[in-house]
Structure formats: structure tokens, C-alpha cells
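A.B. asks: Below is one structure. I have some questions about it.
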Amino acid sequence: MVAGLAVLLVVVAATVWWRVVRAPERPGVPADALSPAGTSLPDGLVVPVGSRLVGQPAATVTAEGVPGWRAVLLVDDDPLRAWRSLVGTLDDTLGLSLDTSSVPGCTREDGLTCALDVAGSSSSGRTSLVGARIERVEGDVTGRWTIVLTGEDGGTTPPGDLPSWPGGDVPEAPGARPRPGTGEPLATETLADRKDCGRYVLLAGSELLVQYSRGSQTGGFGVLLRVSSEADVAEVAAAYAEQARQHDGPVETTTRRTSTATVTRLVPPGGAGGHQATILAVDVASGDDLIYYDLLND
């Protein structure tokens with residue numbers, strides 16, 4: 001009996017050692033960067049059940065000067081559950097009369113593709129165009145599906161006919177890679193040219209929270225970064241703009257202020273024969289500053 005107890009203790013000790021010392025860290029976003037389902041979003045929306053908000057939404061402005069916003073959601077487990085809840089929220093808030101039972105906007109392309117662009121009027125009378133995309137990004141650090149939401153003032157076009165999910169199994173979420181340290185690649189699987197992994201790296205004063213996009217059809221990335229409390233978000237964003245510079249010339253800068261943050265949009269010279277970057281520096285009145293960094297292959 002004593003021998004059996006000794007064997008049991010060895011097994012328990014080995015298991016604890018494996019989990020503490022050798023087992024990989026569970027993928028995900030740091031808990032203090034997440035807000036739960038039900039958290040308010042712009043245009044009267046809320047974070048849908050089955051997902052959580054990463055950071056906070058960023059105010060945006062288009063090249064034509066139209067104001068809008070962007071938010072990134074981390075899916076907890078089942079992407080279809082989160083998508084169905086999101087569609088219900090959009091339907092209730094914007095008065096769209098969608099068939100929420102059919103999981104509209106989802107197809108089996110690439111295993112699972114969900115996307116829609118809808119416009120309607122909220123209870124406040126404000127008209128909004130809202131886009132939603134579900135993303136499965138290989139090489140992300142979270143091991144999760146993500147949902148990217150965008151909003152834009154104006155728009156009254158109805159959603160039209162949307163495809164419906166035909167049923168079947170949903171692909172597994174992508175495997176997670178270790179979070180990069182300073183000087184290590186922001187993205188590893190979505191850059192068309194592998195040597196670019198050594199150019200587009202994490203800069204001092206920032207932390208990678210999630211890669212939410214694969215860039216354009218020919219590659220790139222979209223990443224959400226959190227700026228450390230010791231760093232200045234404007235300086236870190238300017239450094240990323242220099243990292244993404246393709247040509248000589250000034251960085252185009254536009255600033256938009258809201259009640260909760262000041263958002264500066266930086267567009268370094270880019271285009272033909274390379275990439276085009278857009279960087280949103282979110283200077284939050286209270287809480288963590290953020291950077292949305294999008295790089296699209298030309």
C-alpha cells in the first residue's frame with residue numbers, strides 16, 4: 001500500500017510539473033484586455049453572446065471624411081453561435097427583419113465564411129452601415145476565431161438576399177503560436193514574402209493582442225496592439241508608420257476625437273509594388289492605449 005501511494009504521488013508530481021513547467025500557455029487574449037458579452041458598442045449595438053470585446057472600439061474616418069468605428073471580438077468557442085447572436089443584435093438594433101434562424105451570411109467557402117454589410121436606423125434615428133466578418137487567421141497568437149465589426153455613418157440600403165449556412169461541422173480554430181517579444185514577427189503565415197517577417201516586427205512599448213485579418217487577397221495582416229503604460233501611443237504609432245513606409249514623403253495624418261478617446265489615423269507612403277498600411281493610434285482617456293495596424297499587399 002505504501003508503495004502504491006508512493007507511485008501515485010510521483011504521478012501527481014509529474015503531472016503538476018508538466019502543467020506548470022512544460023505545458024504551453026493556454027492561447028487567448030490577456031483577461032484584462034477583454035470585455036464580456038453585453039458590453040456596449042457604437043450604434044446601439046452590444047457585444048454578442050459567445051464573444052468578448054478586445055480592447056475597445058476605435059473611431060475611424062474614411063478617405064472621404066465619413067466618420068465610423070471598428071471593433072474586434074474574440075469568439076469564445078462556437079463561431080456560429082457568436083455569429084447568430086450578432087445577427088440577432090444587428091436585426092433588433094437596426095430593424096432589418098433578417099431571418100435569424102437561418103444563420104444568414106454564412107457559407108462553407110474555406111470551411112466557414114461569414115460576412116454581411118447591412119444598413120438601417122437605430123432607435124435614436126441615426127442611420128448606420130455596419131459590416132461584419134468572421135476570421136480564422138493561421139499564425140495568430142490566440143487560437144480563436146475573431147469577428148471584425150465596422151460601422152459608418154449613413155446608409156439605408158437593405159441587406160438584400162444573404163446566403164444561409166447549409167449545415168455541417170465547423171472547422172477547428174487555428175492553432176496558436178507563442179506571443180512575440182520585441183523584435184519578433186507580428187505575423188508569420190500571411191505575408192506573401194517570407195523575408196517581410198523580419199521587417200514587420202513587434203516594436204518596444206507595445207504588446208500583440210490579436211491578429212484579426214490576413215490582409216488583402218494577396219496577403220498582409222491586421223493586428224491589434226496594446227501600448228504599455230510607460231510608452232507614448234503617438235510615438236509608438238509613428239514608429240510603426242515608419243516601419244511600414246514604402247516610399248519617401250509625408251505620413252498622412254487625420255485625428256478624430258470622441259468622448260472616450262482621441263484617434264489618430266496614420267497612412268505612410270505606400271502602394272504599387274509593395275504594401276499599403278493604415279495605423280489607428282487610440283489614445284484612451286482612461287485605460288489602455290491601443291494601435292490597430294493594417295498592412296495590405298498591393
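A.B. asks: Please specify each residue of the range 62-110 satisfying the condition of being within 21 Å of V29 (Cα to Cα), of a type in the set (K, R) and over 16 Å from the mean Cα position of the chain (by Cα).
C.D. replies: R81
A.B. asks: Also, quick follow-up: Just the residues that are at pLDDT below 90 and open to solvent by 20 Å² or more (accessible area, probe 1.4 Å), please, taken from the range 275-289.
C.D. replies: Q276, A285, S286, G287
A.B. asks: Among the numbered criteria (1) part of a loop (DSSP other than H, G, I, E, B); (2) farther than 24 Å from A31 by Cβ; (3) of a type outside the set (D, E, K, R), which single criterion is violated by S286?
C.D. replies: Condition not satisfied by S286: (2).
A.B. asks: Working carefully through the options D196, D153, find the one that is at negative phi and either open to solvent by 40 Å² or more (accessible area, probe 1.4 Å) or among the hydrophobic types (A, V, I, L, M, F, W, C) (or both).
C.D. replies: Every option except D153 fails the conditions.
A.B. asks: Moving to a separate point now. Looking only at the range 54-88, filter to residues that are at pLDDT 85 or above, more than 16 Å from D43 (Cα to Cα) and among the small types (G, A, S); which one of those is least open to solvent (accessible area, probe 1.4 Å)?
C.D. replies: A82
Here's the yes/no breakdown for (1) closer than 21 Å to T142 by Cα; (2) part of a helix (DSSP H, G or I):
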| position | (1), (2) |
| --- | --- |
| E189 | yes, no |
| A192 | no, no |
| C197 | yes, yes |
| L203 | yes, no |
| L209 | yes, no |
| F221 | yes, no |
| E230 | no, no |
| V236 | no, yes |
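A.B. asks: Against the conditions (1) more than 20 Å from W69 (Cα to Cα); (2) open to solvent by 10 Å² or more (accessible area, probe 1.4 Å); (3) at pLDDT below 95, where does P268 fall short? Just the number, please.
C.D. replies: Of everything listed in (1) more than 20 Å from W69 (Cα to Cα); (2) open to solvent by 10 Å² or more (accessible area, probe 1.4 Å); (3) at pLDDT below 95, P268 misses just condition (2).
A.B. asks: If you go through the range 89-96 one residue at a time, do you hit one that is buried (at least 19 other Cβ atoms within 10 Å of the Cβ) and in a strand (DSSP E or B)?
C.D. replies: No - not one qualifying residue is present in the range 89-96.
A.B. asks: Could you go through the range 20-32 and let me know if any residue there is open to solvent by less than 60 Å² (accessible area, probe 1.4 Å), modelled with pLDDT of 65 or more, of a type in the set (A, V, I, L, M) and closer than 22 Å to L208 by Cα.
C.D. replies: yes
The values are calculated or read from the model by the stated rules, or taken from the named source; none is laboratory data. What you are looking at is a predicted structure, and each value in this text was computed from that prediction instead of being measured. All Cβ positions, glycine included, derive from the backbone under ideal geometry; neighbour counts span all protein chains shown. Remember, those area values only see protein heavy atoms, side chains included, never the ligands or the DNA or RNA. Shrake-Rupley method; radii C 1.70, N 1.55, O 1.52, S 1.80 Å.
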